[in-house]
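Each remark here refers to the structure printed beneath this line.
The values are calculated or read from the model by the stated rules, or taken from the named source; none is laboratory data. Quick caveat, the model's predicted, so the values are computed rather than measured. Methodologically, a virtual Cβ is constructed for each residue, glycine included, from the backbone with ideal geometry; neighbour enumeration extends over all protein chains shown. Accessible surface is based on the protein model in full, side chains and every heavy atom, while ligands, DNA and RNA are left aside. Shrake-Rupley method; radii C 1.70, N 1.55, O 1.52, S 1.80 Å.
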Amino acid sequence: MDANTNRKHYEERELHAANGWAVLIFTILLYLAGLASLIAGGVMLDTDGSALGGVLLVIGIVWLCVGWIPFLGLKVIKPNEAMVLTVFGKYTGTLKSEGFFFVNPFSVSVNPQYENAPVVSATATGTTVRMPSGKISLKALTHDNHKQKINDQMGNPIEVGIVVIWRVVNTAKAVFDVDNYKTFLSIQADSVLRDVVRCYPYDSTDSDEKTLRGSAQEVCELLRTQLQTRVEQAGLEIIEARITHLAYAPEIAAAMLQRQQATAIIEARQKIVDGAVGMVEMALNKLSESKVCELDEERKAQMVSNLLVVLCGNKDAQPIVNSGSIY
């Protein structure tokens, strides 16, 4: 049986809560009324001992004891923030609109990323420890997975690092379908990077072959697409994935540099030889057309040899003046 058969998937539903200002003012008025009832009941009991005074006194005491509970339901949501709420373990909805709202006082905001973890911040006066608010950021965030050593398609160890721009688009999936959506993203980014890098060589002499160094745009798009597929179940959107570091591993960097230098020298020599052969052919044709001199096959071969030596040599040729016969 498939392991996901009995697994429940959550879809986000936006919670439309009451205005917090109205509830705040109404609760304060009730609190003042309870305080007035307490005072009035005490005065009446002290003067005539009537039953009404006892009732007012009890109402005032009870309300002062429980009247603070509605204040727990007041929530402030800033732009690009969300709050996933549960009541006694049941998902009730997500607050996504910015403003001041009133929800069920027994609602609890859930964010696995900060669950039971205090936030420690350093200030000029010392270190401050505060409990997190449980809100989820809907802003575009950056994840840097740092450098990793991975073998490319040719088996060469290389160091690769990527940065991922992402955001939360489904808060219910991010909270309830995975344990910690940031950790989940980090692990999936590492896995996808290894899968993609193994499909391409670092570099190639074939201009038509896609490589990590020469086809960065295609590789980054493949990274983004595959990573988006992996994190879909966590309610995340991958905006962009970019390679920030790409180099041979230190243990083979020197050898690979020598190979690149040798390849460059060979390609340069090929161009020099092609150009020299063309120049020799042009020189022979010009001599033949202008009829400056008639050369037999042996002298043509000697002339071709001399010209190739001059054109293809690493050093400047030293001319030798022949004052006698060429024969």
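Quick notes on this structure:
- With DNA, RNA and ligands ignored, accessible area of residue 90 (1.4 Å probe; Å², nearest 10): 140
- In order along region 240-247, the phi-based Karplus estimate (6.51 cos²θ - 1.76 cosθ + 1.60, θ = phi - 60°) of 3J(HN,Hα) comes to 7, 9, 10, 7, 9, 8, 8, 7 Hz; Gly and Pro are listed as x.
- Calculated FRET efficiency for the pair residue 113/residue 33, C-beta based, R₀ 25 Å, to 0.05: 0.05
- Stretchable slack from residue 208 to residue 139, in nm (0.36 nm times residue separation minus alpha-carbon distance): 20.9 nm
- With a threshold of 23 Å on the Cα-Cα distance, the over-threshold entries among 182/210; 8/90; 90/139; 8/78 are 182/210; 90/139; 8/78.
- Accessible surface comparison of 194, 213, 13, probe 1.4 Å, protein chains only, largest first: the order is 213, 13, 194.
- Each residue, residue 14 and residue 270, gets one label point 7 Å from its Cα in the Cβ direction; the gap between the two is 6.0 nm.
- At R0 = 35 Å, FRET efficiency that the Cβ-Cβ distance of residue 198 and residue 169 yields, to 0.05: 0.75
- Note on exposure: 68, 166, 21, 63 ranked by accessible area (1.4 Å probe, complete protein assembly) read 21, 68, 63, 166, with the most exposed listed first.
- Between residue 106 and residue 306, the C-beta separation translates, for a Förster distance of 56 Å, into a calculated FRET efficiency of about 0.05.
- Nearest-10 value in Å² for the accessible area of residue 98, using the 1.4 Å probe: 120
- Ranked order, 94, 183, 229 - accessible area, probe 1.4 Å, largest first: 229, 183, 94
- Close amide H contacts of residue 249 (hydrogens built in the peptide plane, cut-off under 5 Å, sequence separation of 5 or more or a different chain): 158, 159.
- Pair residue 64, residue 217: separation of 7 Å Cα→Cβ label points (nm): 7.4
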